């Protein structure tokens, strides 16, 4: 096995070159390059974390804006509903008032007409009575020859008519 | 690779051959094929990492791959050590990447180019020992730096009965001291054994095809080749698992040093 057979002749050379190469590797690559690469990776990780945090903030902001918007929308809607309700109530009241007024006018006209009518009827009735009384007195005079006073005839007619 | 006499030597792949003689204070620090492949591994890691260094906010494919690996180590450290684990990410990352790339580099089929052979640096005890000692000494330094002599309370787990006070710390100390050896040996043995097995099977395929008796090729070479495919896939898995195990154990040991028990 040359590793052991040659050990006495080669150990100094092996140690020397190994230490030299490892020193170059450690200081030239391990210390210098790896540290820079790690710093770069860390910077990237930090950037990603920051970007994610910024995105998260923006999302939260958008959410509050959406919430505010829907609140305003709700307020506007309830406002509109209230306005519509008052308008409706007002219209209903107006219609009622007008209806009542028209009602009153109509009933007034009605009562006036009724009064006129009843007056006319009473007048007509008295006319009929007097005519009937006269006719009755005439009939009585013609049939029996008896003279009946106008008052008597009127009373008799009234009794028959009513 | 095939030896001089057509015989296949599964150990030859681990042979260290000096490419350039170097000397430092009397120590032989020759530039070898092993050193060459350490540099190749380092270069491959650098190319991989540099491809992902654009550091864009929206990563491309390559950058995603690089960030996947660094993120994997980061997660491992924060999962096993906690927030303080971030400090040790470069160390564990370097260990993980070096072992992973060295293991995979040893599996590269560049042997099809004549005269070129891969070399698995992690199949050498001397290399895995350096990595294990780096891991272990980090644990020691961090432990004593943070907790001083209180670090020794690591060897007395919570709720140890007084009657066992003479035994438990000794066992804990032993299990602590064995860590660098287990780290180094696990990686070395896994990589060596896997490569020897692959080389032996590949030898069966090649020698079976070259055999003079005609029945040997379908009877030996073909089954070996089919088995070889499976073993290669398994070995690729082992490459990744060994790197992961080394990194994870280092993370857990650092957790001991940072948080005690």
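The values are calculated or read from the model by the stated rules, or taken from the named source; none is laboratory data. Keep in mind the model is a prediction, meaning the values are calculated, not measured. Heads up, the Cβs are rebuilt from the backbone with ideal geometry, glycines too, and the neighbour counts pull from every protein chain shown.
Do we find that residue A:71 is at pLDDT 90 or above, surrounded by 10 or more Cβ atoms within 10 Å (Cβ to Cβ) and more than 10 Å from chain B (Cβ to nearest Cβ) in this structure? No. The requirement of being in contact (Cβ under 8 Å) with a residue 40 or more places away in the chain, away from every other protein chain (no Cβ under 12 Å) and more than 19 Å from residue B:15 (Cα to Cα) is fulfilled nowhere in the stretch B:104-120; no residue meets it.
The residue pairs whose first member lies in the stretch A:114-137 and is under 12 Å from residue A:157 (Cα atoms), whose second member is part of a helix (DSSP H, G or I) and at pLDDT below 85, and whose beta carbons are closer than 6 Å, counting only pairs six or more residues apart or on different chains, are A:129/A:157; A:132/A:157; A:133/A:153; A:133/A:154; A:133/A:157; A:136/A:153; A:136/A:157; A:137/A:153. Taken together, the residues in the stretch B:102-120 that are under 29 Å from residue B:81 (Cα atoms) and crowded, with 23+ Cβ neighbours inside 10 Å amount to 2. The helices (runs of 4 or more DSSP H) found entirely in the stretch B:160-261 that carry 2 or more residues being in contact (Cβ under 8 Å) with a residue 60 or more places away in the chain and within 14 Å of chain A (Cβ to nearest Cβ) are B:179-210, B:222-259.
Just one residue in the set B:71, B:85 is assigned to a helix (DSSP H, G or I), at pLDDT below 85 and in contact with a helix residue (DSSP H, G or I) (Cβ under 9 Å, 6 or more places away or on another chain); that residue is B:85.
In the condition set (1) more than 8 Å from every other protein chain (Cβ to nearest Cβ); (2) outside any helix (DSSP H, G or I), residue B:40 is compliant with all but (2). Being more than 30 Å from residue B:72 (Cα to Cα) and within 14 Å of chain B (Cβ to nearest Cβ) holds for only one residue in A:82, A:95, A:12, A:39, and it is A:12. The residues of the stretch B:44-53 that are more than 9 Å from chain A (Cβ to nearest Cβ) and surrounded by fewer than 16 Cβ atoms within 10 Å (Cβ to Cβ), listed by number, are B:47, B:51.
Within the stretch B:24-34, is there a residue that is within 18 Å of residue B:135 (Cβ to Cβ) and at the interface with chain A (Cβ under 8 Å from one of its Cβ atoms)? Within the stretch B:24-34 (the criterion being within 18 Å of residue B:135 (Cβ to Cβ) and at the interface with chain A (Cβ under 8 Å from one of its Cβ atoms)), the answer is no, since none of the residues qualifies. Comparison of B:68, B:115 shows that the only residue that is within 23 Å of residue A:33 (Cα to Cα) and more than 16 Å from the chain's Cα centre (by Cα) is B:68. Residue count for the stretch B:13-23, restricted to those that are more than 8 Å from chain A (Cβ to nearest Cβ), under 14 Å from residue A:6 (Cα atoms) and without any contact (Cβ under 8 Å) to a residue 24 or more places away in the chain: 1. On inspection, residue A:87 does not qualify as surrounded by 10 or more Cβ atoms within 10 Å (Cβ to Cβ) and under 30 Å from residue B:138 (Cα atoms). Within the stretch B:198-230, the set of residues being under 17 Å from residue B:120 (Cα atoms) and surrounded by fewer than 17 Cβ atoms within 10 Å (Cβ to Cβ) comprises just one member, B:200. Of the residues making up the stretch B:128-150, those that are surrounded by 14 or more Cβ atoms within 10 Å (Cβ to Cβ) and over 15 Å from residue B:255 (Cβ atoms) are B:128, B:129, B:130, B:131, B:132, B:133, B:134, B:144.
Residues in the stretch B:60-85 that are surrounded by fewer than 20 Cβ atoms within 10 Å (Cβ to Cβ) and facing chain A (nearest Cβ under 8 Å): B:67, B:71.
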